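The values are calculated or read from the model by the stated rules, or taken from the named source; none is laboratory data. Please read these numbers as outputs of a predicted model, since none were measured by experiment. Neighbour counts are summed over all protein chains in view; Cβ atoms, including those assigned to glycine, are modelled from backbone coordinates with ideal geometry. Accessible surface areas use protein heavy atoms only, side chains included; no ligands, DNA or RNA. Shrake-Rupley method; radii C 1.70, N 1.55, O 1.52, S 1.80 Å.
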There are 2 protein chains.
Amino acid sequence: MPSSTAPVAARAVGRDAGMTPAMKTAVPAEPSRRRRSRKGEGERLREEILDATSHLLLQTGDHEAVNIRSVAKAVGVTPPSIYLHFADKAALIKAVCGRHFASLEQSIEVAVAGTDDPAEQLRLRGRAYVDFGLEHPEQYRILFMSRRAVVCDEPPDEELKAASGFTALVDNVVRAIEAGAVDAVDPILVATGLWTVVHGITSLAISVPDYPVSGLDTLVDHLLDVHRRGLRPSSFSMEAWPHR
Amino acid sequence: MPSSTAPVAARAVGRDAGMTPAMKTAVPAEPSRRRRSRKGEGERLREEILDATSHLLLQTGDHEAVNIRSVAKAVGVTPPSIYLHFADKAALIKAVCGRHFASLEQSIEVAVAGTDDPAEQLRLRGRAYVDFGLEHPEQYRILFMSRRAVVCDEPPDEELKAASGFTALVDNVVRAIEAGAVDAVDPILVATGLWTVVHGITSLAISVPDYPVSGLDTLVDHLLDVHRRGLRPSSFSMEAWPHR
DNA sequence: CCTGCCAACTTAACACTGTTAGCTTCGGCT
DNA sequence: AGCCGAAGCTAACAGTGTTAAGTTGGCAGG
């Protein structure tokens with residue numbers, strides 16, 4: 001029976017020289033070829049692939065360093081088997097990120113649960129967003145900083161709103177307006193603006209080496225505070241920009 | 001001709017299907033092998049490579065679609081010749097982007113020259129930044145949205161300031177403070193905040209399919225206006241965020 | 001004019017990537 | 001017991017960045 005002979009498994013993958021030896025041991029405990037799934041359990045491989053990819057993505061922090069062959073090796077399977085469950089590499093990466101960001105909305109809601117004040121909720125929401133993005137930088141990059149961000153295959157006009165719980169943000173803005181904390185302009189515009197601010201922080205913090213020279217917390221507080229003051233009804237908007 | 005047939009199958013990544021035949025002819029008139037340079041004129045190839053790469057980058061809008069072989073073919077040279085002038089592909093792309101963004105600062109200064117009011121200058125600066133980023137999206141992505149943005153090889157702490165004319169922005173903020181249009185907090189903090197806002201707009205507009213549902217101009221005006229109001233000394237900062 | 005030298009390239013190949021066609025193998029049903 | 005199809009493998013293709021080693025052709029010195 002050839003299943004347990006090590007050299008066979010090594011030969012199966014072809015040239016394995018490129019991978020550093022540390023990588024192999026770091027992936028948790030799937031060294032050899034895994035048992036084939038039962039008849040109806042083909043879907044289990046899909047989950048294992050997702051787990052392994054997620055692990056590698058976190059580990060390398062670069063989706064270009066996560067290649068099909070390393071994923072296959074991590075699950076104990078050959079590269080073509082990946083394509084039984086994912087159309088291509090992009091679909092795989094997308095699935096992993098979608099999985100991670102299903103918890104973004106949840107994280108935000110947990111953070112918001114601490115208070116009932118809509119304005120404070122907006123601030124907590126912003127901080128939670130930035131924190132989450134910095135905890136999962138590569139996933140954030142793929143979702144919101146790619147060439148053409150494709151969050152999911154839902155109807156395209158729903159993509160924007162579905163991602164990052166945009167509707168929940170809009171609701172929060174509406175509540176803030178009703179509470180008198182925010183000027184009564186278009187809530188969607190205000191929500192988009194808030195998203196833009198926290199995305200700007202997250203994006204630059206991920207990409208630019210030592211971005212917030214003034215410290216990240218300071219900047220987040222500063223920006224959210226400035227934005228909140230600018231949104232208040234009390235700052236009478238008659239005196240707009242000099243001309244337009 | 002299989003190029004125009006396939007309705008669904010041809011997606012982004014794989015084979016050469018991404019290249020349409022029209023692209024090849026679009027590169028201006030270097031079909032065959034070019035004449036070898038004279039003894040001292042080896043540097044001329046470098047410029048031709050930069051030109052061709054810049055052209056391809058603009059054309060495809062994706063730095064992963066610009067490969068060494070296509071650049072070499074466009075210049076009329078073989079792939080290894082590229083490495084006589086650039087250490088690797090990243091260095092080549094970086095050089096091209098650096099070239100493009102040498103004009104970012106210039107574009108901004110031109111835009112600012114229209115007025116003497118520091119507050120209005122800040123707004124014009126922001127608009128010019130966004131416009132420039134949207135005119136050169138792929139270059140912007142490489143410069144400010146990459147995994148680890150490497151603007152240039154200068155001393156690392158100078159990178160941030162050198163890029164996008166950060167010091168000029170800080171100076172503008174200082175002038176706005178002196179003019180009484182902006183509250184007298186840390187100018188660097190304020191400048192970083194402003195950069196963050198315009199980057200947030202630019203970044204999302206590049207990445208997210210139909211990002212500003214309210215229209216881009218509307219959003220830019222809204223955000224810069226809100227930010228300006230939030231920065232005014234008149235919005236007394238005693239009443240800060242509820243708690244912290 | 002010739003001769004050699006060296007800058008400016010080319011040829012050929014390597015290692016690695018995503019991806020596909022076609023074959024094997026095993027679990028479960030009849 | 002037999003077979004059939006799901007689950008997975010073998011082998012290969014086409015394309016990528018990159019490098020080692022060879023070639024060419026213009027220019028300087030004899």
Accessible area that becomes buried as A packs against B, both chains, 1.4 Å probe, Å², nearest 100: 5900 Å²
Per DSSP, loop trypsin sites (Lys or Arg not before Pro) in the range B:47-141 with at most 16 further Cβ within 10 Å: none
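Take the Cβ-Cβ distance between B:Ala113 and A:Arg69 as r, set R0 to 60 Å, and report the resulting FRET efficiency rounded to the nearest 0.05.
0.65
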Sorting from shortest, the nanometre distances separating the label point of B:Val185 (7 Å past Cα along the line to Cβ) from those of the same residue in the other copies are 1.9
Ascending list, in nanometres, of distances separating the A:Asn67 label from those of the other copies (7 Å, Cα toward Cβ): 1.4
Counting only residues 5 or more apart in sequence or on a different chain, those whose built amide H sits under 5 Å from that of A:Arg232 are A:Asp183
Using every alpha carbon pair in the range B:101-231, what percent of pairs falls into each 10 Å bin from 0 up to the bin containing the largest distance? 12, 44, 35, 9, 0
How shielded is B:74-87 by partner chains, expressed as the average number of their Cβ atoms within 10 Å of its Cβ atoms? 0
Given label points at 7 Å from Cα along Cα→Cβ, what nm distances, shortest first, separate A:Asp217 from the same residue in every other copy? 4.3
I want the local charge near A:Val66. Using Cβ-Cβ distances under 11 Å, sum +1 for each Lys or Arg and -1 for each Asp or Glu among the other residues. -1
Distance between the range B:128-145 and the range B:40-90 - C-alpha centres, whole angstrom: 21 Å
Run the numbers on the range B:101-231 and let me know its relative contact order in percent, using alpha-carbon pairs under 8 Å that are six or more apart. 28 percent
Using the Karplus curve 6.51 cos²θ - 1.76 cosθ + 1.60 with θ = phi - 60°, work out ³J(HN,Hα) for each residue of the range A:200-212 in order, rounded to whole Hz, and write x for Gly and Pro. x, 4, 4, 4, 5, 5, 6, 8, 8, x, 10, 5, x
Exactly which GluC sites (Glu not before Pro) in the range A:38-137 are in a DSSP loop and have at most 14 other Cβ atoms within 10 Å? A:Glu41, A:Glu64
